[in-house]
Amino acid sequence: MSLKIGTIVYFNPSELEEKFKQMKELGMESFQLSSWDIAYRTEETAELVKNLCKKYNVEISCLWCGWSPTCYWNFYEGQETLGLVPPVFRQHRLDELMQGAKWAEKIGTPDLTTHVGFMPENPYDPNYHGVITALKILCTDLKNRGLHFNFETGQETPVTLLRAIEDIGTGNVGLNLDPANLIMYGKANPCDAMDVVGDYVRGIHVKDGLYPTNGKELGAETKVGDGKVNFPKLIGLLNEHKYKGHFTIEREISGDQQIADIKHAINLITTEYNKYNWEF
């Protein structure tokens, strides 16, 4: 299996071709398309995406499907605003994700990914069952379309993710492993998490970060290699679990430094990847 390396493209139709040119200049062959604005997900933009993929010979590894309204990425307001966990937003966001599923099918990507939120660790919590019910509806619809659903790791412990996958039970549920998120949210060491959920990893974010230093804010994101993610060990574990997916670089800054850090990540991942035999 050859290395499939890419990045995240935040979907704005007017900027899309420029993003594709940038990817090709960096030598990338794939991308995750991150879509938060439902108004952009139309028949016309689906054709635009497919035509540009063909023109630049790049592959969409997944649709990263966002939702509304406003959310907060911390340990306090985040509990009340992220994903499908808050009951007040659940139906609205389920509807948005279902619309995203239709659009994912149109653009020809195999997976839909999102953050589900701070899922309760207590399986007897009524809110846990509400989230699972919503996810069963979404994942059944995706399965009927021949698509998979991926939790992006972050707000949940690995055991909670494993339980949710088992309880949804549709057979088309996996993970987009963001190793930095597991650290930045203080939920797990990603290498240890592979013992619990390694067989369910369908995508990975090449991203690094630090553990939280207070009880309200996430830990800081860093350049790959400067944080707590042990990428040499993690890539070896992915090989052991017969990982066949893409390596998607995420660096949450902008400008020249972002490009420099992405190039650094490409070199690091390529070097470590080539140490293993990936012929599954």
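The values are calculated or read from the model by the stated rules, or taken from the named source; none is laboratory data. No experiment lies behind these values; they were computed from the predicted model shown. When we count neighbours, we look across all protein chains shown, and the Cβ atoms used for this are built from the backbone with ideal geometry, even at glycine.
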Query raised in the report: Does segment 129-137 include one or more residues that are more than 23 Å from GLY78 (Cβ to Cβ) and at pLDDT 95 or above?
Result: yes
Requested in this report: Please identify the pairs in which a residue from segment 147-172 that is charged (D, E, K, R) has its Cβ atom under 9 Å from the Cβ atom of a residue that is surrounded by fewer than 18 Cβ atoms within 10 Å (Cβ to Cβ) and outside any helix (DSSP H, G or I), counting only partners at least 6 apart or on another chain.
Outcome: GLU156/GLU121; ARG163/GLU121; ARG163/PRO123; ASP167/PRO123
Query raised in the report: When GLY27 is evaluated against the numbered criteria (1) surrounded by fewer than 16 Cβ atoms within 10 Å (Cβ to Cβ); (2) at pLDDT below 95; (3) touching a Gly at 6+ places or on another chain (Cβ under 7 Å), which criterion, by number, is the only one it fails?
Result: (3)
**Report entry** Tabulated pairs, segment 62-74, first at negative phi, second surrounded by fewer than 20 Cβ atoms within 10 Å (Cβ to Cβ) and assigned to a loop (DSSP other than H, G, I, E, B), C-beta under 6 angstrom, 6+ apart or interchain
**Finding:** GLY66/TRP36; ASN74/LYS216; ASN74/GLU217
Query raised in the report: If you check ALA193 against the conditions, is it in a loop (DSSP other than H, G, I, E, B), under 27 Å from LEU138 (Cβ atoms) and touching a helix residue (DSSP H, G or I) at 6+ places or on another chain (Cβ under 7 Å)?
Result: no
**Report entry** Test result for GLN99, at pLDDT 95 or above, of a type in the set (S, T, N, Q) and closer than 20 Å to SER34 by Cβ
**Finding:** yes
Requested in this report: Say whether the condition of being part of a helix (DSSP H, G or I) and surrounded by 19 or more Cβ atoms within 10 Å (Cβ to Cβ) is met by at least one residue in segment 215-234.
Outcome: yes
